[in-house]
Each structure stands twice: as structure tokens, then as C-alpha cells.
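Chemist: I'd like to ask you about the structure that follows.
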Amino acid sequence: MRNHFLTPVLRQQFTLFYRFGYTFVPDALLIPFEGAIQQSQKDELLKLLSQITPFEYDEEYVILHLQQEGELKPGNTKFEIQQLTTVYPLSKHAKLSISQKIDDRIVLGEPLFESSLAIAEEFIIKQECLKGIEALWEIYLDEATDKDQVLALIGPEKIFHGLDLRSKGKKASELEDEEYWAYLLTYERYDYFPKERIGYFFDAGQLFAYSKEIAFEGSKLHNLLTQLFSLNQKLNFEKIVEKIENDPLAAGYKSKSQFGELKLYVLAPLFLFLKEEIRNAESFTAIKGSPAFSYAKTTFPLEFKAAIILLGAFFKFKTFYDEYYNILNLDIYQAQPQLPAVKAFFKAPEIDTKRLNGNEKEESLINKDLTEGKEIDEATPTASVPQQMEHQVISINTATEIGQTTQQFTEHTISADDVRMQEQTLTPELEILKEDRTVKKALLKERGKSVSPKTKKESRVGKIKTIEQLDLTFAGSARELNQSDVQSGVPIIVTEASESIQQETLLGKEQKVKPASKTDKKKSEKQPSINSAKKGQMSKATDKNDSILGETLELVTVPEPRSNSQNE
């Protein structure tokens, strides 16, 4: 069954979706629907738009119509570009703007969600106002803790309503039957009032008259302010408030300019004054040093706090966030301590401990740290061969899977004594890369020989040619081959850093190891060459699958063993 979904995504995510051909969408952001898009889907989309990253412009989001076969699995759902049916912009304006910025082959759908867009934008604006209040309070009143109480005294919804009227272009002179806060937040000076501080008291008288639907010019308050200005144009804020509170001409205005505990005849001119200061300030923090600011903050603390709340909502968070972040000194502004490095942790897979000869003793060649799942350093070798053993042994690797992404090898050991006893039964075809210098030295030393170290070469593991009777599995450990194993003709791949040594007979006559030194060549003249005796039985491994570690594979035949007298 084919299911249909709507999901809001940032336009940048859609661009990347189109570029890479797929995207992931969390289940919580998928709105299922059948057939036509109903109002219930629009309501659900509105809810989602209020819970995701806010946006400033309507072209920053698009709505995708996606299809999916079968039921969704929990978590993030991957959608291919072929599953995208329609791209809906949020508005007609957004459609026009987006169409000019994307592939012209893409046909945008009609903006079905424009009615919901206004509600989503309203929610974002309210959050902007609240964050603006929080930021400006932190800048000017960081020590005060009664922000919520003062905000509740005014009423956040009254503030939002006044700002909404302002955003729609309403002027204070045009309002009717609105609360005082709507007149205050929509007011701008259009009359000729003095530019000095007393001019803000004229403004307060004018918007009061608007709220009461009376004329301000010719009123008692207007006459009082005119007299004060004519006497002293530089009259400060404190003197003007004192006159209003004590002069009989302002008694009626004073009595009607109360809102609970707030003195509106102080709050209104203070708000209008600080609004102009903030508009013209290069730094909001610098305003804190002005005498008028300090006077108002200390003399009228409640009205000052109310003015800060109104100003924070009026200018919104976008105005203050930069300076607000400086005060907070965000963590991302400073270098943080480096997180501790994550150590490599490897736990070896379970190992098949089945033995070939029933011997219960197992000599592991895998690093103990790995088999126990301990934390290890990346430089720590993953396997090691014991340098001293009870018997001289030859370390061999049998490749179980050639050319696989993960090459697995089984390491075996055979006793040198067993080798000498069973040399005549060994198959003449041996694949070898590198001689085990440690083992050869031990064997030659037993015969009274010495081996001088020469330049090391890198080792290579070749492909095993035949496995007749052994069922070799990945054991990850060293095992001993019993006599029956040796007799079965299992070819041995010797792995170790190869070194050229003096040409000597190791396991019997006619054995020759390549490459040989000049001295070795002279000695080998006395012995039949394996190339002449067994032509066609020695070859180089040239197949890439025969090159796991990048070395050359050679076959050496071990012929009939010498007698003890010959060896000596």
C-alpha cells in the first residue's frame, strides 16, 4: 500500500535532497494523509512549524509531499528523490522567490498553507518578543529577579496586541476603544513638540488624550508643560515629574494615569525617551552610564523595569542578541578543553578451539590483549610468535580465504624432530615465501652450523595449493601437527621476514632455497638442482589472489633425507 506524507523542511534541506537524491526525515515530522489535503493536516502542519527551527522569511521553508510503499519503520525514514511528488511553498510571495532560485524544471505547487502561515509567524513573533525582554533585562537589570512579576503586571497578551496593531500600520491617533498599552506601543511623534526632555512629557500627554478621546492641545496639562518649557528649556526629568505630581493643573491627569502600582505619567515619557536612546545608541551597554538612565533606575524602579519590558518586546530579540551573547560569554566564543581521545577497543571474535590431534594444550600466537578484549594501542602488534619454545618449530600460515576483504589465517607449528623423522613422506611441492630465520637458525645450530643475518625483506603469504586431509579452520592460535598430519601431504607456507642465508641443506639433500648467495651457488653445484630434477614443480605466484602481503611465493621440494653421516 502506498502512503502519502507531508513534511516541512528548510529550503536548504530540499536543495541538498535534490542534489544528493535522498534525505532522511524523522517520523515526528511526517504528517500522513489520504487523497486531498484536509484542514486537519493543515492544523498538524501548523503545530509542527511551531516546534521546529523558527524562520524569519516565508521562503526559508517548503512543504514536501512524499510517498512511501508499506508501513514506516520507527526512527528516521529515508526518502529517495523519486518519492517526492510535490513541493509546496508557504506563500505566493515565497513561490515567486523560490522559483527564481531553483532548477527551472521543478514545478512548484500552489501555496495551500498560506492561511496557516500567519498563525505560525505570529507564534514566532511572540517568542521573539519574549526573548527580547529576556535579553534587554539581562543587559540593564541583570541583578533584578522580578521580571516575570512585572511582565504579569502589564500582561504579555496586551503587549502582543499593541505590537500587532503597530505591525499592521495602525497609528495611535487611529485607534478606538483600545487599552492604554496599545496607544503607547503604536505612538510616534507627529506634532511639533520640543526636542528636549520635556518633549517626551508632551508625547505622554498626547497619547493619553488619544486613549481618552479628548483634545490635548489647550488642556491643563498642555498649559503646564508649556509654562515649564518657557521658563527652562533644559529642565531635567526629575523636576518635570515633581511638577506633575504637585501642581494642581496636572492633578486630573495624575489621578487618571495610574495602572495598578505603575505611574503611567512616569512610565510613558521614560519609555519614549529610552526608545530614542536605544535607536540611536551604538552600544546598549553604554546607555547605562547616562545620568538620566541612572536617575530613572534608582528613583522609579518599578516604572523603569516596566519600560525595559516594553522596550525588549518592541525591539525584539534580533536587536539585542549580539550584545546579549557578549554578556553571557557563550561557551562557543572560547576555546574548550579538548575531549579525551577515544582509545581503540577490539574484541576478537570467538575462536574455534577444535584440535587436530586431541591435544588439550593450546599455544596461542594471538596477542593476549586482543583475545581478552582489552584496550590496546594502535601500534601494538596483533600477534606475536614466542621466541623461545620447548621445541624448535616452524611457524606456518594457512590461508583459509584468499582475496576476501578480511583475510583469516590459521597458524600451526610442527616439531622439528617430527619433520626430520617424516621428511621422506612430505609432499615435494612446498609453497614458501620467506624462511623463518629464527627456526632455521635453531635447526642449523643443531647441526653445528651458524647463520649470519642478512637484509630483511617483506614477507608475502601465498595461496595454498592443496589441502588433502586436514579441515583447517580459523583458530587464531598455534597448533601442533601430529605425525598423521605430516604424512597427509599438507603443504606448509612458511611466513617470516625472509633473509638470504648461506646455502645449506636443512631437511635433506637436493633442497635449495631462493634466492641464494654466490657462495650458496658454488655449494649447490655439488648437489642436483631442483630446477633440473623437478622442472615444472617450482613456480612463482603471480595471481593477485596469491599476494596477500605483497611478496613472492615460491615452491620448494623437500626430497629424500640424508643419513646422519651425510648431514655431518
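Chemist: With +1 assigned to the C-beta of every Lys and Arg and -1 to the C-beta of every Asp and Glu, and no other charges, what is the dipole magnitude of the stretch 124-328 about the Cα centre in debye, to the nearest 20?
Modeler: On the way: 26 positive and 31 negative charges, 67 e Å.
Value, rounded to 20: 320 debye.
Chemist: Using a 10 Å cut-off on Cβ atoms, rank the peptides 15-23, 195-203 from the highest mean neighbour count down.
Modeler: Highest-to-lowest ranking by the protection proxy: 195-203, 15-23.
Chemist: Pairs of Cα atoms under 8 Å, at least six residues apart: use those to get the relative contact order of the stretch 124-328, whole percent.
Modeler: Across the stretch 124-328, relative contact order equals 37 percent.
Chemist: Measuring with a 1.4 Å probe in the full set of protein chains, what accessible area per residue, in whole Å², belongs to the stretch 2-112?
Modeler: Averaged over the residues of the stretch 2-112, the accessible area is 58 Å².
Chemist: Using Cα-Cα distances under 8 Å and only pairs 6 or more residues apart, what relative contact order does the stretch 2-112 have, in percent?
Modeler: Relative contact order here is 33 percent.
Chemist: Filter the trypsin sites (Lys or Arg not before Pro) in the stretch 226-318 down to the DSSP loop ones having no more than 11 other Cβ atoms within 10 Å, then list what survives. Each step should come with its number before you reach the end.
Modeler: On the way: sites: Lys234, Lys239, Lys243, Lys254, Lys256, Lys263, Lys275, Arg279, Lys288, Lys297, Lys305, Lys316, Lys318; in loops: Lys234, Lys288, Lys316.
When the trypsin sites (Lys or Arg not before Pro) of the stretch 226-318 are filtered for loop state and at most 11 Cβ neighbours within 10 Å, Lys234 remain.
Chemist: Given charges of +1 on the Cβ of Lys and Arg and -1 on the Cβ of Asp and Glu, with all other atoms neutral, how large is the dipole of the stretch 122-182 about its Cα centre, in debye to the nearest 20?
Modeler: The calculated dipole for the stretch 122-182 is roughly 260 debye.
Chemist: Using the alpha-carbon centroid of each, what span in Å lies between the stretch 83-104 and the stretch 116-167?
Modeler: 33
Chemist: Please identify the GluC sites (Glu not before Pro) of the stretch 5-74 that satisfy two criteria: DSSP loop assignment and at most 12 other Cβ atoms within 10 Å. Which are they?
Modeler: Those that pass, being in a loop and sparsely packed, are Glu34, Glu56, Glu71.
Chemist: Relative to the Cα centre, what is the charge dipole magnitude of the stretch 2-112, using +1 at the beta carbon of each Lys and Arg, -1 at the beta carbon of each Asp and Glu, and rounding to the nearest 20 debye? Could you put the intermediate results ahead of the total?
Modeler: Working: 11 positive and 14 negative charges, 35 e Å.
Dipole magnitude for the stretch 2-112 comes out near 160 debye.
Chemist: For the stretch 110-229, what does the alpha-carbon gyration tensor say about shape, rounded, prolate or oblate, given a ≥ b ≥ c as the root eigenvalues, a/c under 1.5 as rounded, and a/b over b/c as prolate?
Modeler: oblate
The values are calculated or read from the model by the stated rules, or taken from the named source; none is laboratory data. Keep in mind that what you see is a predicted model, and the values were worked out from it rather than measured. All Cβ positions, glycine included, derive from the backbone under ideal geometry; neighbour counts span all protein chains shown. We work out accessible area using only protein heavy atoms, side chains counted, and drop any ligands, DNA or RNA first. Shrake-Rupley method; radii C 1.70, N 1.55, O 1.52, S 1.80 Å.
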